[in-house]
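Worksheet for the structure shown next.
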Amino acid sequence: MKSLSRKIEAIIEPEPVVEGAGVRLNRSIGTRSLDYLDPFLLLDHFASSNPRDYQAGFPLHPHRGIETVTYVLRGEVHHKDTLGNSGSIGAGDVQWMTAGRGIMHEEMPQVRPEGIAGFQLWVNLPAKLKMTKPRYQDIRSGEIPEIKKEGAVRIRVITGTVDGVSGPVTGIAANPTYMDVFVPAHTTLIQPIHRGHTAFAYVFEGEAKFAGDEKEDGTMISHPRLVVLGDGDYVQVITGKTAVRFLLVSGKPLHEPIARYGPFVMNTQEEIEQTLQELRQGTFVTT
Ligand code: MN
């Protein structure tokens, strides 16, 4: 079978939203223009040097039925939950939280001279794992392997296997691959992605073309933009006079119905109502 290049399916401009107790961020999945990119439910990008944009944080709130992936580029986020976990995620660190049947937690960006920057991605759980036991995987920056490729391309592998190198986050239902990719100016990168997996690139520094093939004169896409990639075996990234940095994320679509209400994502409306009833009755977190 001929190897197929992934073409651009959509280019999404992130929407400014205010979330938590008043945190300003840019959302590119989980909006009216892109409600769901199966299995990805939400992508938020936070970046500010002004404490007023982030210091209110995300006080105690619940989650059920999803996994949340927090990747910090700059600054520090403290977290604490009702299961007794607590800690801090700093620059380059990742927290992969499987909410499963339920957790209550707080996520509080710390006021620091460097401000805060990073991402939160929500990955859906399949019906059979929605009520699984909650789990945290806290990954320090130093545990994340960095691949150095031809042309001084660098890829941090957070999860999945890239060029034979596996990321430290394991056991994730959607079998996702999550990379942080840097491509210098005047460079072409051809990066394989599993055929049939949903894939997107989130450009957060610089600009690049995500061209369908070598002959095609693709559009230069500047940060911040979400690029939804059509199906294929690889993506071709071409830079011009500027370097680019982007998240490259892919995962197996679940093809299941979703019922979503704020921090809960289930399969049916009944399951959402059940969740809200447990919250009212104080039986939501039972572990
Ligand atoms: Mn949360």
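Computed from the coordinates by the stated procedures, all read-outs in this text should not be read as laboratory data. This structure is a prediction, so every number in the text was calculated from the model and none was measured. Because the Cβ atoms are built from the backbone with ideal geometry, glycine has one as well, and the counts that use them run over all protein chains shown.
Observations
- Looking only at region 99-119, residues that are in a loop (DSSP other than H, G, I, E, B) and more than 11 Å from the ligand (Cβ to nearest atom) come to 9 in all.
- Within region 19-40, the residues that satisfy the criterion of being out of contact with any Leu (no Cβ under 8 Å at 6 or more places or on another chain) and under 26 Å from residue 55 (Cβ atoms) are 20, 21, 22, 23, 24, 25, 26, 31.
- Exclusive hit being in contact (Cβ under 8 Å) with a residue 24 or more places away in the chain and loosely packed, with under 15 Cβ neighbours inside 10 Å, set 66, 103, 11: 11
- Within region 14-43, the set of residues being surrounded by 19 or more Cβ atoms within 10 Å (Cβ to Cβ) and free of Cβ contacts under 8 Å to residues at least 24 places away in the same chain comprises 25, 27.
- Elements of the type strands (runs of 3 or more DSSP E) sitting completely within region 1-86 and holding at least 3 residues that are over 26 Å from residue 169 (Cβ atoms), more than 13 Å from the ligand (Cβ to nearest atom) and not polar (S, T, N, Q): these cover 8-12, 15-19.
- Selection count, region 120-135, where residues are within 13 Å of the ligand (Cβ to nearest atom) and more than 25 Å from residue 28 (Cα to Cα): 1
- Filter result (in a strand (DSSP E or B), over 17 Å from the mean Cα position of the chain (by Cα) and within 18 Å of residue 236 (Cβ to Cβ)) within region 163-199: 183, 188, 189, 190, 191, 192
- Among residues of region 251-276 being touching a Pro at 6+ places or on another chain (Cβ under 9 Å) and of a type in the set (S, T, N, Q), the one that is nearest to the ligand (Cβ to nearest atom) is 275.
- Residue 147 aliphatic (A, V, I, L, M), more than 13 Å from the ligand (Cβ to nearest atom) and surrounded by 16 or more Cβ atoms within 10 Å (Cβ to Cβ): no
- Close pairs (6 angstrom Cβ cut-off, 6 or more residues apart or separate chains): touching a residue at least 24 places away in the same chain (Cβ under 8 Å) in region 163-191, acidic (Asp, Glu) anywhere: 168/143
- Restricting attention to region 275-287, the residues being part of a helix (DSSP H, G or I) and farther than 15 Å from residue 63 by Cβ number 3.
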